[in-house]
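The values are calculated or read from the model by the stated rules, or taken from the named source; none is laboratory data. This is a predicted model, so every value here is computed, not measured. All Cβ positions, glycine included, derive from the backbone under ideal geometry; neighbour counts span all protein chains shown. Side chains are part of the model used for accessible areas, which takes the heavy atoms of the whole protein and leaves out ligands, DNA and RNA. Shrake-Rupley method; radii C 1.70, N 1.55, O 1.52, S 1.80 Å.
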Amino acid sequence: MPQQSILVVDDEAKMRRLLEIMLTQMDYEILQAADGMEALEQLTSHAVDLVITDLRMPRLDGIGLLRQLREQHNDIPVIVVTAYGTVESAVDAMKYGASDYIVRPFEMDAVQAAVQRALKLGKVQRENRYLRQEMEQGWRGFIGSSSAMKQIYTQIEQVAPTKTGVLIQGETGTGKELVARAIHNASPRAQSLFVSINCAAIPADILESELFGYSKGAFTGANKERIGKFELADGGTLFLDEITEMDFNIQAKLLRVLQERTLERLGSNRTIAVDVRVIAASNRNPRQAILDQKLREDLFYRLNVFTIALPPLRDRLDDILPLARYFLEKHAKEFAFQFNGIEDDAAQCLNAYAWPGNVRELENMMERAIVLSGGKTISIGHLSSDILEDEVQVGKHVTNNIADSAHEPLSGRLGLNIQVEQLEKRLIQDALQKTGDNKSKAAQLLEISERSLWYKIKKYM
Ligand SMILES: Nc1ncnc2c1ncn2[C@@H]1O[C@H](COP(=O)(O)OP(=O)(O)OP(=O)(O)O)[C@@H](O)[C@H]1O
Ligand SMILES: [Mg+2]
């Protein structure tokens with residue numbers, strides 16, 4: 001460990017010297033300053049681990065020094081020195097952020113113990129600050145520190161330095177592409193290209209020429225030579241999104257390229273060597289895709305050297321609110337709104353929802369919420385009706401017209417019972433209106449018995 005340095009601040013040279021003798025014995029480097037001003041100067045030019053300061057000094061005294069440090073958000077630990085009988089002033093100093101005090105005349109043991117304690121505290125604070133920053137910025141652009149995601153980060157770090165194929169599996173919007181990019185960026189290939197192609201979005205014949213390129217005259221319209229994504233990704237990474245949507249014949253050709261590490265452009269005999277790492281993604285279960293004849297088994301084994309299974313958002317509850325806050329802050333910045341936090345019941349809603357569209361759905365909903373909130377605290381009314389519907393589970397099978405009215409924001413508090421009652425009441429009113437108050441028809445429309453409709457009308461209206 002490098003030698004730790006301590007700045008001793010006192011207007012009396014004799015006292016500085018005394019502390020220096022006591023502390024150099026313990027192998028600390030000692031810097032000195034005669035008052036607060038000098039101390040601040042020293043701190044700008046030296047890396048200091050701890051400050052020991054007298055309280056009464058000309059120009060800038062001990063309290064002044066503490067205030068300045070806090071203003072600069074400098075959380076270096078500070079020990080104040082106080083004379084016997086004036087401990088109150090030291091306690092005062094602690095209110096301004098001093099971490100401890102030592103009393104004069106000094107006792108060697110007490111000084112050394114206080115210094116060790118303060119240095120340890122400083123280290124813990126630094127580590128906490130680092131962790132906080134890391135949490136805020138996220139690991140390689142990821143937000144979420146659930147144990148499930150921590151495992152994913154470890155897997156990315158394990159596989160990144162290698163050349164092996166990777167298969168990423170996860171529901172839509174779980175972050176498959178983000179993982180693929182993170183693997184590329186953490187790999188020795190990071191300086192070369194990450195090339196992405198979505199196999200589901202491109203018709204088979206075009207996909208083939210997109211992947212492997214073509215020579216002039218290879219087919220009608222091929223009036224120029226063109227390199228494919230494989231060659232483009234040479235030295236880097238090729239990301240094949242939705243691999244199970246790739247045509248079976250192209251899958252066979254892909255396998256050959258992966259095995260031989262060479263390819264020919266369409267319409268050409270020239271063999272070109274390529275050094276490409278392939279990462280594939282699918283939102284299907286690959287083994288099921290093999291059974292369904294959507295994925296070639298031989299290609300699967302080639303790609304599946306390493307599998308990363310991204311858990312759906314509903315299985316990592318701890319990540320929902322950090323992600324929500326992250327997206328709210330991100331979009332608030334974009335629209336120049338303030339982000340002022342999330343109300344408790346809205347947060348409960350976010351946690352309770354099943355998020356079929358996973359992180360992407362959450363991001364979209366938060367973008368909308370920040371716009372609707374106009375910079376106020378995010379409340380239930382700013383969330384999408386999908387969340388409320390999911391919670392309430394009423395009226396899904398009633399006619400569309402009626403269900404539409406359920407999309408209007410429900411007023412008041414979130415209590416599930418209150419919400420259900422309000423929604424039921426509204427649906428019943430709509431049904432009665434639609435059927436000209438014919439209770440028997442309204443009950444049919446609502447798919448409940450006449451008897452329970454009668455009961456509900458009595459209860460609500
Ligand atoms: N853990 C995360 N932290 C921050 N942003 C995330 C995280 N996971 C996903 N995202 C963001 O959510 C969006 C969807 O992620 P991505 O496109 O990687 O999902 P996907 O699994 O490829 O989805 P699809 O199957 O629909 O293609 C992106 O904008 C991505 O940046
Ligand atoms: Mg994707």
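Those residues that are under 28 Å from Pro188 (Cα atoms) and either modelled with pLDDT of 95 or more or outside any loop (DSSP other than H, G, I, E, B) (or both), I need them from the stretch 259-273; list them, please.
Restricting attention to the stretch 259-273, the residues satisfying the condition of being under 28 Å from Pro188 (Cα atoms) are 259-265, 271-273.
Result: Gln259, Glu260, Thr262, Leu263, Ile272, Ala273.
Within the stretch 340-362, work out how many residues are open to solvent by 40 Å² or more (accessible area, probe 1.4 Å) and either more than 19 Å from Asp315 (Cα to Cα) or within 16 Å of ligand 1 (Cβ to nearest atom) (or both).
So the count comes out to 6.
Residues checked against (1) touching a residue at least 40 places away in the same chain (Cβ under 8 Å); (2) of a type in the set (Asp, Glu); (3) assigned by TED's automatic domain parsing to the domain that holds Phe300:
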| residue | (1), (2), (3) |
| --- | --- |
| Val166 | yes, no, yes |
| Gly173 | yes, no, yes |
| Leu178 | no, no, yes |
| Asn198 | yes, no, yes |
| Glu210 | no, yes, yes |
| Ala222 | yes, no, yes |
| Asp234 | yes, yes, yes |
| Phe239 | yes, no, yes |
| Gln251 | yes, no, yes |
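Give me a count of the residues in the stretch 24-41 that are open to solvent by 40 Å² or more (accessible area, probe 1.4 Å) and closer than 17 Å to Leu69 by Cβ.
To start, the set of residues in the stretch 24-41 that are open to solvent by 40 Å² or more (accessible area, probe 1.4 Å) comprises 24-27, 29, 32, 37-38, 41.
Remaining after also requiring closer than 17 Å to Leu69 by Cβ: 37-38, 41.
Number of matching residues: 3.
List pairs: first in the stretch 348-361 and at positive phi, second open to solvent by 20 Å² or more (accessible area, probe 1.4 Å) and assigned to a helix (DSSP H, G or I), Cβ under 8 Å, 6+ apart or cross-chain?
Pairs found: Trp355/Arg314; Trp355/Glu361.
Would you mind stating whether Leu255 is assigned by TED's automatic domain parsing to the domain that holds Ile168 and crowded, with 19+ Cβ neighbours inside 10 Å? Spell out how you get there, then give the answer.
Values: assigned by TED's automatic domain parsing to the domain that holds Ile168: yes; crowded, with 19+ Cβ neighbours inside 10 Å: no.
So Leu255 fails the test.
Pick from Thr244, Thr174: which is surrounded by 17 or more Cβ atoms within 10 Å (Cβ to Cβ), within 16 Å of ligand 2 (Cβ to nearest atom), of a type in the set (Ser, Thr, Tyr) and modelled with pLDDT under 95?
Exactly one of Thr244, Thr174 is surrounded by 17 or more Cβ atoms within 10 Å (Cβ to Cβ), within 16 Å of ligand 2 (Cβ to nearest atom), of a type in the set (Ser, Thr, Tyr) and modelled with pLDDT under 95, namely Thr244.
A quick yes/no check of all residues on (1) surrounded by fewer than 18 Cβ atoms within 10 Å (Cβ to Cβ); (2) charged (D, E, K, R); (3) more than 13 Å from ligand 1 (Cβ to nearest atom):
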| site | (1), (2), (3) |
| --- | --- |
| Pro161 | yes, no, yes |
| Ala180 | no, no, no |
| Ile183 | no, no, no |
| Arg189 | no, yes, yes |
| Leu193 | yes, no, yes |
| Asn198 | yes, no, no |
| Glu208 | no, yes, yes |
| Leu211 | no, no, yes |
| Gly217 | yes, no, yes |
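Being assigned to a helix (DSSP H, G or I), more than 21 Å from Leu18 (Cα to Cα) and in contact (Cβ under 8 Å) with a residue 12 or more places away in the chain is true for just one of Ile63, Ile76. Which residue is that?
On the way: Ile76 fails: assigned to a helix (DSSP H, G or I).
Criteria check complete, one pass: Ile63.
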